[in-house]
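Computed from the coordinates by the stated procedures, all read-outs in this text should not be read as laboratory data. Being a predicted model, the structure only gives us computed values, none of them experimental. Counting neighbours? That spans all protein chains shown, and the Cβs are built from the backbone with ideal geometry, glycine included.
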Amino acid sequence: MGYDRPWKTFTEQMELLKSRGMIITDEQAALRHLERIGYYRLSAYWYPFRRFVVSQDHAGRLTTLSSDAFVKNSHLSDATALYLFDKKLRLLVLDVLERIEIALRVDLAYVLGRSSTFGHLCLDALHPSFAGRRNPHTGMSEYDTWRRKYDRLLQRSKEHFVTHYREKHGPDLPIWVAVEILDFGAVSQLISMMKVADQQVIAAKYGLADWKTFSTWLRSLNYLRNLAAHHSRVWNRNVVDQPKLPARGQIEWCDSFIGKADLIAKPFAIIAIARHLLKTISPTTLWHDRMRNHLLSFPTQHSDRGLSLSDMGVPSDWLHWWQTIKTPA
C-alpha cells in the first residue's frame, strides 16, 4: 500500500486537529508545541482522548477501533500537559536507574570476580544451562549473544582506563573493570547467566528470596530504562517485559499488585521496584519523595475522558506504603 498522507504546514496540522474536535484556546502556543515537539510525538499524548468505536468483523468478533475524532471537551493543552508530566517522569526514572545500574555493576563484579577474575569470559564461571540456552530465532546461545554485545561495547569504548589496562595487562579486562563498559541490559543479561548460588547472593541483598523473581525485575528495569533513554512515552505504557512478584506476605508493598494483571502490565509496578532497590542502595535517599510529589502533580484535564494515575497502574493504596520503606536486614 502506498502512503497517501500529504505533508502539512504547522498551521494545517493545527486546523486538522480542530476539525476533529480538539479545542485549541491559544493558537500561538499550539503552533509552538507543534513546531518544537512535533505532531507525531504529541499524538501519543492525545491518543487517550480519541473516540473509540466498537465494531464487529465478518466472524462476529467485536473489536474496538480508535476514530480520528476526539471526545467532548478535549483540549490540546490536555495532551501537552501529559507530555510535560511524562518528560519529568522519564528524568526521575533515569535518575534512579543510573544509581541502580552502578550498584549492580559492583554486585556483579564482586560476586562473579570472587570465583573468577575473568568470569565474564569463562563459561565455567557461569551456569551452563542458562548461558547455553539458544535463541530459536538466531540459533545463538545466550552467552554468545552477550559476548558479541560485550565485544562491541569494548571496541566502541573511548575510556582511557580501557586503553590503559589493555596496554599494561593484555587484551582481556578483569570483571571489575569490564563492568564499567556494560550498559544496563548487558549487566542484567550477565547476572541472569550466573550460577544459582551467585544470583541468590545478589537477590538476597535486595530482600528477595527468589532469584528468579529478581531476574525478572532486572529485565523489567532494563525495559523501562530503554523507554526513558529513548524519550519514549512512559506514563501509561503497556509493559512488554513484565516483572514477577514474590509470594504474598514476603514484601509488603508487592501485595498491592499480586493477582492484578492490569496493574503489573503498567509502568508503576516497575517504578515501585526501582524504589525498593534504591532504598537498599541508599537508605537515606529522598528520590521516593520527589517521585511521590511528581505523581501527585498529575495534570487535570478538561476532557470528558478523565485520566488519572490509575492509567499508569498506580494502586489505590499506594500512598499507604510508598513512604514506608523497609530495607533488607
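Put simply, the amide H of residue 127, placed in the peptide plane, has neighbours under 5 Å in 194, 195, leaving out anything fewer than 5 places away on its chain. Basic side chains Lys and Arg get +1 at the Cβ, acidic Asp and Glu get -1 at the Cβ, and with that the dipole of segment 82-322 about its Cα centre reaches some 280 debye.
Longest stretch of the chain clear of exposed loop sites (trypsin sites (Lys or Arg not before Pro), DSSP loop, at most 10 other Cβ atoms within 10 Å, sites excluded): 159-329. Each Lys and Arg Cβ is given +1 and each Asp and Glu Cβ -1; about its Cα centre, segment 30-174 then shows a dipole of about 300 debye. Bridgeable aspartates and glutamates around residue 279 (alpha carbons under 16 Å apart, same-chain partners fewer than 8 residues away excluded): 95, 98, 101, 107, 252, 289. Were the residues from residue 296 through residue 94 laid out at 0.36 nm apart, the gain over their Cα-Cα distance would be 70.8 nm.
With only the Cα atoms considered, segment 72-175 has a convex hull volume of 195 Å³ per residue. Extending 7 Å from the Cα toward the beta-carbon at both residue 289 and residue 172 defines two label points whose distance is 4.8 nm. Overall, the ratio between the Cα radius of gyration of the chain and 2.2 N^0.38 Å, rounded to two decimals, is 1.18. For the chain, the residue among 138, 321, 55 whose Cα projects farthest onto the positive side of the dipole built from Cβ charges is 138. In a Debye calculation with equal point scatterers on the alpha-carbon sites of segment 185-329 and no solvent, what is log10 I(q)/I(0) at q = 0.14, 0.22 Å⁻¹? Each listed q corresponds, in turn, to -0.69, -1.66. Near residue 23, the amide H atoms lying under 5 Å from its own belong to 74, 75, 76; only residues 5 or more places off or on other chains count, and H is placed 1.01 Å from N. Taking θ as phi - 60° and the Karplus parameters 6.51, -1.76 and 1.60, the scalar couplings of segment 23-28 work out to 8, 10, 8, 10, 5, 5 Hz in sequence order, x denoting glycine and proline.
Separation of segment 63-99 from segment 254-329 is 17 Å, based on Cα centroids. When shorter helices are ignored and each DSSP H run of at least 4 residues is given -39500 (n - 2.57), the per-residue value for the chain at 222 nm works out to -16000 deg cm²/dmol. Along the Cα-to-C-beta direction of residue 9, a point sits 7 Å from the Cα; which residues of segment 24-44 have their amide N less than 19 Å from that point? In segment 24-44, the label zone of residue 9 (backbone N under 19 Å from the point 7 Å along Cα→Cβ) covers 26-40.
Note on segment 10-70: semi-axes of the ellipsoid equivalent to its C-alpha gyration tensor, largest first and rounded to whole Å, are 30, 11, 8.
Annotation for residue 35 and residue 210: the two label points, set 7 Å from Cα along the Cα-Cβ direction, are 5.4 nm apart. A simple rule links phi to the HN-Hα coupling: the Karplus curve 6.51 cos²θ - 1.76 cosθ + 1.60 with θ = phi - 60°, which for segment 177-190 gives 9, 4, 4, 6, 9, 7, 8, 4, x, 5, 5, 4, 5, 5 Hz, with x for Gly and Pro.
Couplings 3J(HN,Hα) of segment 43-51, computed from phi: 4, 5, 9, 9, 3, x, 8, 6, 6 Hz, in residue order, whole Hz [Karplus 6.51 cos²θ - 1.76 cosθ + 1.60, θ = phi - 60°; x for Gly and Pro].
Each part reduced to its alpha carbon centroid, segment 1-49 and segment 200-238 end up 34 Å apart.
Between amide H atoms placed 1.01 Å from N, distances below 5 Å from residue 69 occur with 51, all of them 5 or more places distant or on a separate chain.
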